[in-house]
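Q: Here it is, the structure, as structure tokens.
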Amino acid sequence: MFYGQKNLIKKQKKICKYLKNKFNIEKLAVIITDSHTVPLRYGTIGISTGFYGLKPLKNYIGKSDIFGRKMKMSRSNIVDAIATIGVFAIGEGDEQTPMCIIRDVKDSIEFTEKETYNELIIPIKKDIYFPLLKNFYKKY
């Protein structure tokens with residue numbers, strides 16, 4: 001877990017629970033976003049900097065693809081996909097839109113009351129970028 005992430009999760013949990021109680025909503029998640037860039041691409045997309053109330057990944061491992069082959073590695077990053085939609089809806093200019101509500105997303109979202117942030121984080125030695133990043137870490 002990154003520095004300060006535990007406190008952020010507590011705040012996101014508090015916001016989520018407050019909104020659920022205030023508006024009597026059973027299925028609700030809160031996602032905090034920021035702009036993000038991709039190397040060698042113009043423009044920004046959204047990425048989650050924190051979230052609470054949903055499982056961040058949809059696991060396809062062991063399921064069949066469209067050709068009937070068993071998938072060995074695929075997971076969809078649900079929380080960052082939703083973050084991208086949110087950042088697009090909010091805008092990057094002077095729109096001054098502080099938040100958006102996304103409804104009726106397919107059954108891909110699994111809501112939960114558990115803290116699931118760590119499910120999204122890859123151990124450093126399993127990350128595909130580890131061979132490039134290991135020189136920047138003193139201990140791994």
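No value in this document is a laboratory result; all are computed from the given coordinates. These figures come from a predicted structure and were not determined experimentally. Please note: Cβ atoms are built from the backbone with ideal geometry, for glycine as well, and neighbour counts cover all protein chains shown.
Q: I'd like to know how region 54-105 sits against the 2.2 N^0.38 Å rule of thumb: what's its Cα Rg over that expected value?
A: On the way: Rg = 15.7 Å, N = 52, 2.2 N^0.38 = 9.9 Å.
Cα-based Rg divided by the globular estimate yields 1.59.
Q: Just want to confirm a number: the relative contact order over the chain, from Cα pairs under 8 angstrom separated by 6+ residues, in percent. Can you show the working numbers first?
A: Values: 182 pairs, mean separation 31.1, N = 140.
Averaging sequence separation for qualifying contacts and normalising by length gives 22 percent for the chain.
Q: A further question follows. Pairs Lys10/Lys134; Lys55/Lys114; Lys10/Lys125; Lys72/Lys126: which exceed 19 Å Cα-Cα? Provide the component values of the computation, followed by the final result.
A: Values: Lys10/Lys134 31 Å; Lys55/Lys114 9 Å; Lys10/Lys125 28 Å; Lys72/Lys126 15 Å.
Over 19 Å apart, Cα to Cα: Lys10/Lys134; Lys10/Lys125.
Q: OK, next. Run the reach check for Lys22 against lysines, Cα to Cα strictly under 16 Å, same-chain hits fewer than 8 apart removed. What comes back?
A: Within the straight-line cut-off, Lys22 pairs with Lys13, Lys14.
Q: Taking 0.36 nm per residue of sequence separation and subtracting the Cα-Cα distance, how much length would be gained by fully extending the chain between Asn118 and Lys63, in nm to one decimal?
A: Details: separation 55, 0.36 × 55 = 19.80 nm, distance 2.31 nm.
Going from the current span to full extension adds 17.5 nm.
Q: How far, in nm, would the chain grow between Lys125 and Thr97 when pulled straight, counting 0.36 nm per residue and subtracting the alpha carbon separation?
A: Extra length available between Lys125 and Thr97 comes to 6.2 nm.
Q: Report, in deg cm²/dmol and to the nearest 500, the calculated mean residue ellipticity at 222 nm for the chain, where each DSSP H run with n ≥ 4 adds -39500 (n - 2.57) and the sum is divided by the residue count. Intermediate values should be presented prior to the final figure.
A: Working: 4 runs with 40 residues, N = 140.
Value at 222 nm, helices only, nearest 500: -8500 deg cm²/dmol.
Q: Give me the net charge of Ser76's neighbourhood, meaning all other residues with Cβ under 14 Å from the Cβ of Ser76; Lys, Arg count +1, Asp, Glu -1.
A: On the way: positive: Lys55, Lys58, Lys63, Arg75, Lys106; negative: Asp65, Asp80, Asp107, Glu110, Glu119.
Computed value for this residue: 0.
Q: Another question, if that's okay. Could you pull the Cα extents of the chain along its three principal axes, largest to smallest, in whole Å?
A: 46, 40, 32
Q: So, one more: Using Cα centres only, tell me the gap between region 104-124 and region 30-97 in whole Å.
A: Cα centroid of region 104-124 versus Cα centroid of region 30-97: 11 Å apart.
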